[in-house]
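Student: Below is a structure I'd like to ask you about.
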Amino acid sequence: MKSLMIQGAKILATGSAVPSSSFSNNEISKVVDTSDAWITTRTGIKERRLLKGVDKSIIDLAVLASKKALDKILMDPSQIDLIILATSSPNDLFGSASKIQYEIGAINAVAFDLTAACSGFVLSLVTASQFLQTGVYRNILIVGADVLSKWVDWSDRGTCILFGDAAGAAILQSCSSIDNSILGFQLNSDGNYSKHLSIAYEHNIVPHSELNLYQGSFKHISMNGKEVYKFAVFQVPLSILKCLNSLNMSVDQVDWLVLHQANERILTAIAEKLSISSNKVIANLHKYGNTSAASIPLALDEAIQDNKISHNDIVVIAGFGAGLTWGTIIIRW
Ligand code: ACO
């Protein structure tokens, strides 16, 4: 891949937000035929947060996460040039990013949504870094946010046990190329497997059938868990290795592995395939479940708050999910 980098890009701050209402495995076992033991053994998840209340939307979580990131560096929102919202559960199909722009007061920012399910945050990071490294923009806010509780079939025990709601944000800034910390990336899609994980649109015939028009609505999440599992464990290590190779780096140089928080078994299998010690794997899915586009920035933000990640650490971030899409980005912190 040809690099057009004329300057560098770095992450200045992160922030995250989760709903206050938690929902444990024991509580979920009153809704569907499951148990804490099954969910814990098969996924590692113990509880998840759910956004409750008719007046609450993804915007509330996204705005809170964004404000926390801005507050950490005392940045005036008017300095933001671009906002990218990675989400698959917007509250407006025309896009929700501009609502964040309005609510945080980023009066000079252009804002758009990016849809790539659980890979959305990685794709947003890559997209933002392109605008920064080519000198187009100086400050960019990216937000990964999803409220999949609104799209889950709460009678399907194969999916409803997995997902939780959250938002995570990061502020990126351009810098000199010597200080560049977004070292490289590797991205992929395979639409042939899209059937394994989707929130599909379903047609209904409209009453005015003389128009020959079809209108409909979106269905619930449908997932072939086994296929998604196999795909993640096979493809994600390859993507990470390709990305490391493109930078002439070895697995031994990796300080932290931040994977999409889908399933503890997936995280363990990927780390084992790469011979990366479990001590280097950031995991918080036991508390939040799979929060889709929010899972990586939420895990990253917690790791930073816990002082795990230090200056100059090599952080390998990999996302995977519906599309199917998957990819890696490597950062020198
Ligand atoms: N409680 C109890 N039993 C259950 C449950 C449940 N919640 N769910 C399924 N079962 C049963 C099944 O019915 C099946 O029973 P059977 O053997 O009698 O037919 C048995 O448990 C095994 O089911 P599997 O689906 O084979 O279970 P598996 O070990 O594959 O675990 C899981 C399922 C957890 C969904 C796993 O496949 C997985 O994590 N897949 C990956 C999902 C993922 O990572 N998605 C990420 C992308 S998300 C995004 O992009 C939005």
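Student: Name the strands (runs of 3 or more DSSP E) wholly inside the range 1-102 in which the number of residues that are modelled with pLDDT of 95 or more and surrounded by fewer than 16 Cβ atoms within 10 Å (Cβ to Cβ) is 2 or more. Quick ask: steps written out before the conclusion?
Tutor: Working: elements: 8-17, 22-24, 47-49, 82-86.
Passing ranges, in order: 22-24.
Student: So in the range 245-279, with the set limited to residues that are part of a helix (DSSP H, G or I) and open to solvent by less than 60 Å² (accessible area, probe 1.4 Å), which one is farthest from the ligand (Cβ to nearest atom)?
Tutor: Taking the range 245-279 and keeping what is part of a helix (DSSP H, G or I), we get 245-246, 251-253, 264-273, 278-279.
Those still in the list that are open to solvent by less than 60 Å² (accessible area, probe 1.4 Å) too: 251, 266-267, 269-271.
Details: VAL251: 23, ILE266: 6, LEU267: 10, ALA269: 11, ILE270: 11, ALA271: 15 Å.
Residue satisfying both the conditions and the ranking: VAL251.
Student: Of the conditions (1) surrounded by 15 or more Cβ atoms within 10 Å (Cβ to Cβ); (2) of a type in the set (A, V, I, L, M, F, W, C); (3) within 16 Å of PHE320 (Cα to Cα), PHE234 clears all except one; give me its number.
Tutor: Unmet for PHE234, out of (1) surrounded by 15 or more Cβ atoms within 10 Å (Cβ to Cβ); (2) of a type in the set (A, V, I, L, M, F, W, C); (3) within 16 Å of PHE320 (Cα to Cα): (1).
Student: Related question: Considering each of SER177, SER119, SER181 in turn, give the residue that is exposed (fewer than 15 other Cβ atoms within 10 Å of the Cβ) and touching a strand residue (DSSP E or B) at 6+ places or on another chain (Cβ under 7 Å).
Tutor: Working: SER119 fails: exposed (fewer than 15 other Cβ atoms within 10 Å of the Cβ); SER181 fails: exposed (fewer than 15 other Cβ atoms within 10 Å of the Cβ).
Just a single option satisfies the conditions, and that option is SER177.
Student: Check ALA200 against each of (1) within 16 Å of the ligand (Cβ to nearest atom); (2) in contact with a strand residue (DSSP E or B) (Cβ under 9 Å, 6 or more places away or on another chain); (3) touching a residue at least 40 places away in the same chain (Cβ under 8 Å); (4) among the hydrophobic types (A, V, I, L, M, F, W, C) and name the one condition it does not meet.
Tutor: (3)
Student: LYS242: of a type outside the set (S, T, N, Q), more than 18 Å from the chain's Cα centre (by Cα) and within 10 Å of the ligand (Cβ to nearest atom), yes or no? Give the derivation first.
Tutor: Working: of a type outside the set (S, T, N, Q): yes; more than 18 Å from the chain's Cα centre (by Cα): yes; within 10 Å of the ligand (Cβ to nearest atom): no.
Answer is no for this residue.
Student: Among the listed residues SER181, SER176, identify the single one that is more than 16 Å from the ligand (Cβ to nearest atom) and within 23 Å of the chain's Cα centre (by Cα). Steps first, answer last, please.
Tutor: Values: SER176 fails: within 23 Å of the chain's Cα centre (by Cα).
The unique qualifying residue is SER181.
The values are calculated or read from the model by the stated rules, or taken from the named source; none is laboratory data. These numbers come from a predicted model, not from an experiment. No Cβ is skipped: glycine too gets one built from the backbone with ideal geometry, and neighbour counts run over all protein chains shown. Ligands, DNA and RNA are stripped out before the accessible areas are found, and what is left, the full protein with its side chains, is counted by its heavy atoms. Shrake-Rupley method; radii C 1.70, N 1.55, O 1.52, S 1.80 Å.
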